[in-house]
Amino acid sequence: MIQTKRLTFRYNKGEQTFNFPDLNVKANEDLLILGQSGIGKTTLLHLLAGLVKPLHGSITIDKIQLNTLSNNKLDLYRGQHIGLVFQKKHAIQSLTVVENLQARLFLSKKKVDKSAIDDLLKELGLFEHKNSNPKTLSEGQLQRLGIAMAVVHNPKLILADEPTSSLDDKNCTLVIELLKKQAQQNNANLIVITHDNRIKPFFQNSIVL
């Protein structure tokens, strides 16, 4: 379960203060957060991921209040329990596809299960590219690799930042269906933050910032 209360954030003194609505996402629920550029969508995602700390308010994930954790404990919690799908691709270019997933598990301090990695790559249509360099992948394949890296460690929460904004309608549908399926298989919450109204029909729960 994810819950936020009276959440505010400001990057620097004197700049705009973002005020966010309270969230209450139950176990296994998905949430779509819509909003135009500059409204604070990515800031909210970074708060939920513990990448930045709020000015005021609280963030609770599965009874753990993120803003009370030390930096080291927060890094460990994020690495083990949160999966991030970024708008920009974050694969390590010097590693192969499979090595990127193994590195993600290593950083999460979780066991590397080669057969589970192979199963995930097959499900995402990347198995034949497992030994390829990310530089050789198409845009759609890189997006699917981003999803694989976000779920390979079985997170409790999957956060996706504008995962479809650069995709055509076909790949937009494919990516959202893959995200929802992976969240379901991991018994994880999925929160997608976007300005792409095409994906609204895929979600029962949505809010507009």
Restricting attention to segment 168-202, the residues that are in contact (Cβ under 8 Å) with a residue 24 or more places away in the chain, open to solvent by 20 Å² or more (accessible area, probe 1.4 Å) and in a loop (DSSP other than H, G, I, E, B) number exactly 3
Checked segment 53-101 for anything under 26 Å from Leu23 (Cα atoms) and part of a loop (DSSP other than H, G, I, E, B); matches are Lys53, Pro54, Leu55, Asp62, Lys63, Leu69, Ser70, Phe86, Gln87, Lys88
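Condition first: open to solvent by less than 20 Å² (accessible area, probe 1.4 Å) and in a helix (DSSP H, G or I). Now tell me which residues in segment 105-119 satisfy that.
Leu105, Ile117
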Within segment 6-32, residues under 14 Å from Val52 (Cα atoms) and open to solvent by 60 Å² or more (accessible area, probe 1.4 Å) come out as Arg10, Tyr11, Asn12
For segment 79-104, the count of residues that are loosely packed, with under 15 Cβ neighbours inside 10 Å and over 16 Å from the mean Cα position of the chain (by Cα) equals 4
>> Would you confirm, using the coordinates I've provided, whether Leu76 is surrounded by fewer than 15 Cβ atoms within 10 Å (Cβ to Cβ) and in contact with a His (Cβ under 9 Å, 6 or more places away or on another chain)?
In response: no
When segment 1-52 is checked residue by residue, the ones that are part of a strand (DSSP E or B), within 22 Å of Asn186 (Cα to Cα) and of a type outside the set (Asp, Glu) are Ile2, Gln3, Asn24, Val25, Leu31, Leu32, Ile33
Can you find even one residue in segment 147-161 that is outside any loop (DSSP other than H, G, I, E, B) and either over 19 Å from Ala49 (Cβ atoms) or open to solvent by 20 Å² or more (accessible area, probe 1.4 Å) (or both)?
yes
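The values are calculated or read from the model by the stated rules, or taken from the named source; none is laboratory data. All of these numbers come straight from a predicted model, not from anything done at the bench. A quick note on method: Cβ atoms are made from the backbone with ideal geometry, for glycine too, and the neighbour counts reach across all protein chains shown. For accessibility, only protein heavy atoms count, side chains too; no ligands or nucleic acids. Shrake-Rupley method; radii C 1.70, N 1.55, O 1.52, S 1.80 Å.
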